[in-house]
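Visitor: Before we start, here is the structure in question, set down as C-alpha cells.
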Amino acid sequence: MTKSGRPSGLERQARLKPQYASLYPGVVAGEWIPAWVLAEQLMNTAEQRGVGAGERVCDPAHCEFRGGGQRGQEFRNLRTRVWTSSKA
C-alpha cells in the first residue's frame, strides 16, 4: 500500500459498500480486500442468497474496486462474475 492509500502492485482490490452489507450475510463491508477473496466469499454465499446459476454473484453497484493491472490476453474472454451451481 502506498502513502496515498492506493494499493501498490497489480493486485485488484474490492470492498462491499456498507449500505449493502445486509444483502451479503457473512461478508465484511467497508474493508478493502483482494478482489478474488471477495469473489470467493460472494460465491460461497450465492445459493443461500437466492442467486441462480448463471447470475452475477454481486451487483456491481454494491462494490467498489481499485488497483490491478490489465488482464492478459488469456483472461480477456473469461466470464469471471457469474456463479455456477455445483449441483448442476
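Visitor: Could you tell me whether any residue of the stretch 44-57 is under 18 Å from Glu11 (Cβ atoms) and either open to solvent by less than 30 Å² (accessible area, probe 1.4 Å) or more than 13 Å from the chain's Cα centre (by Cα) (or both)?
Guide: Among the residues of the stretch 44-57, not one is under 18 Å from Glu11 (Cβ atoms) and either open to solvent by less than 30 Å² (accessible area, probe 1.4 Å) or more than 13 Å from the chain's Cα centre (by Cα) (or both), which makes the answer no.
Visitor: Considering Val82, Val27, which residue is at pLDDT below 80 and of a type in the set (A, V, I, L, M)?
Guide: One residue alone meets the criteria, Val82.
Visitor: Please determine, by comparing only the residues of the stretch 4-23 that are modelled with pLDDT of 90 or more and open to solvent by less than 80 Å² (accessible area, probe 1.4 Å), which one is farthest from Val51 (Cα to Cα).
Guide: Per the stated criteria, the residue is Gln13.
Visitor: It is to be established whether one or more residues within the stretch 26-37 are open to solvent by 80 Å² or more (accessible area, probe 1.4 Å), in a helix (DSSP H, G or I) and out of contact with any Leu (no Cβ under 8 Å at 6 or more places or on another chain).
Guide: Yes, some residue in the stretch 26-37 is open to solvent by 80 Å² or more (accessible area, probe 1.4 Å), in a helix (DSSP H, G or I) and out of contact with any Leu (no Cβ under 8 Å at 6 or more places or on another chain).
The values are calculated or read from the model by the stated rules, or taken from the named source; none is laboratory data. Since the structure is predicted, the reported quantities are computational estimates derived from the model, not experimental observations. In this analysis, Cβ positions are derived from the backbone assuming ideal geometry, glycine residues included, and neighbour counts consider all displayed protein chains. Each accessible area value is taken on the protein alone, full model and side chains, heavy atoms only, with ligands, DNA and RNA left out. Shrake-Rupley method; radii C 1.70, N 1.55, O 1.52, S 1.80 Å.
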